[in-house]
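A.B. asks: Could you have a look at this structure, given as structure tokens, before my questions?
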Amino acid sequence: MQVLFVLRGMLYPVVQAGPYTNAWGGPSLAGAWLAHFGVGLLSAVVGLGVLWSLNRLHARLAGGMWGRRVGVWPVLAVAAASAAGMMLVVAWTHQI
């Protein structure tokens, strides 16, 4: 999905064939292209950071299976993320 965001930003003139008066960065093609490319690139960087953080969290939690001491912070992070996910699902289902 991150590759799709960056490619869509790079190929914005092909994806959206103008006019660019209401587009982010418009009314010029160059401004719209730069705005969409920047948003796609920023999304990719943030997404990679989130994936890296999840990888580190998983490695710490899985360390308990290998006899390593896990600590309290990874467990609290997973509990907080699970609670936030449940609240998001409940709020979303109430909108349907």
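The rows are residues; the columns are (1) of a type in the set (A, V, I, L, M, F, W, C); (2) over 22 Å from the mean Cα position of the chain (by Cα).
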{"site": "Val6", "(1), (2)": "yes, no"}
{"site": "Trp24", "(1), (2)": "yes, no"}
{"site": "His36", "(1), (2)": "no, no"}
{"site": "Ser53", "(1), (2)": "no, no"}
{"site": "Arg56", "(1), (2)": "no, no"}
{"site": "Gly64", "(1), (2)": "no, yes"}
{"site": "Val78", "(1), (2)": "yes, no"}
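A.B. asks: Of the residues that make up the stretch 61-73, is at least one among the charged types (D, E, K, R) and either part of a helix (DSSP H, G or I) or touching a Cys at 6+ places or on another chain (Cβ under 8 Å) (or both)?
C.D. replies: no
A.B. asks: Which of (1) of a type outside the set (A, V, I, L, M); (2) in a helix (DSSP H, G or I); (3) modelled with pLDDT of 80 or more is the odd one out, the single condition Phe5 does not satisfy?
C.D. replies: Condition not satisfied by Phe5: (3).
A.B. asks: Still on this model: Applying the selection to the stretch 19-61, what residues are exposed (fewer than 12 other Cβ atoms within 10 Å of the Cβ), over 30 Å from Ala81 (Cα atoms) and not polar (S, T, N, Q)?
C.D. replies: Within the stretch 19-61, Pro19, Ala30 qualify.
A.B. asks: Where the second residue is at pLDDT 75 or above and of a type in the set (Ser, Thr, Tyr) and the first is within 26 Å of Leu48 (Cα to Cα) and lies in the stretch 1-30, which pairs have Cβ atoms under 6 Å and are six or more apart or on separate chains?
C.D. replies: The qualifying pairs are Phe5/Ser43.
A.B. asks: Tell me which residues, restricted to the stretch 48-96, are aromatic (Phe, Trp, Tyr) and at positive phi.
C.D. replies: Across the stretch 48-96, there are no qualifying residues.
The values are calculated or read from the model by the stated rules, or taken from the named source; none is laboratory data. What you see is a predicted model, and the numbers here were worked out from it, not measured in a lab. Cβ atoms come from the backbone with ideal geometry, glycine included; neighbour counts cover every protein chain shown.
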